[in-house]
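Below is one structure; the comments refer to it alone.
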Amino acid sequence: MARSSNNLVVPQATAALQRLKLEAAQELGVTIPQDGYYGNYTSRETGSLGGYITKRLVQQAEQALSGSGRTL
């Protein structure tokens, strides 16, 4: 069994990230496996899901930064 190297910096974010993953999957029409095994999915399906989640996280970060008056 492969070990994940993706450790959350803020462990309390787990629920929010799970919710974001479910929303993204629903919008893209990808079903999330109940057992967590993605071996039966194509790279395109999982890649599009990961890319979409990353896009949404970047948008949220940009909105948070622009709303706080900070500049990059």
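Brief remarks follow.
- Selection of region 31-69 for residues being of a type in the set (A, V, I, L, M, F, W, C), more than 15 Å from Arg19 (Cα to Cα) and either part of a loop (DSSP other than H, G, I, E, B) or in contact (Cβ under 8 Å) with a residue 12 or more places away in the chain (or both) yields an empty set.
Residue by residue, here is whether (1) out of contact with any helix residue (DSSP H, G or I) (no Cβ under 7 Å at 6 or more places or on another chain); (2) surrounded by 11 or more Cβ atoms within 10 Å (Cβ to Cβ); (3) farther than 18 Å from Gln60 by Cα holds:
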{"site": "Val9", "(1), (2), (3)": "yes, no, no"}
{"site": "Ala13", "(1), (2), (3)": "yes, yes, no"}
{"site": "Leu17", "(1), (2), (3)": "yes, yes, no"}
{"site": "Ala25", "(1), (2), (3)": "no, yes, no"}
{"site": "Tyr37", "(1), (2), (3)": "yes, no, yes"}
{"site": "Thr42", "(1), (2), (3)": "yes, no, yes"}
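- Output for region 1-22, where each listed residue is over 19 Å from Ser43 (Cα atoms) and either at pLDDT 90 or above or not in a loop (DSSP other than H, G, I, E, B) (or both): Pro11, Gln12, Ala13, Thr14, Ala15, Ala16, Leu17, Gln18, Arg19, Leu20
- Selection of region 1-50 for residues being among the hydroxyl-bearing types (Ser, Thr, Tyr) and within 12 Å of the chain's Cα centre (by Cα) yields Thr14, Thr46, Ser48.
The values are calculated or read from the model by the stated rules, or taken from the named source; none is laboratory data. Since this is a predicted model, take the numbers as computed values, not measurements. Heads up, the Cβs are rebuilt from the backbone with ideal geometry, glycines too, and the neighbour counts pull from every protein chain shown.
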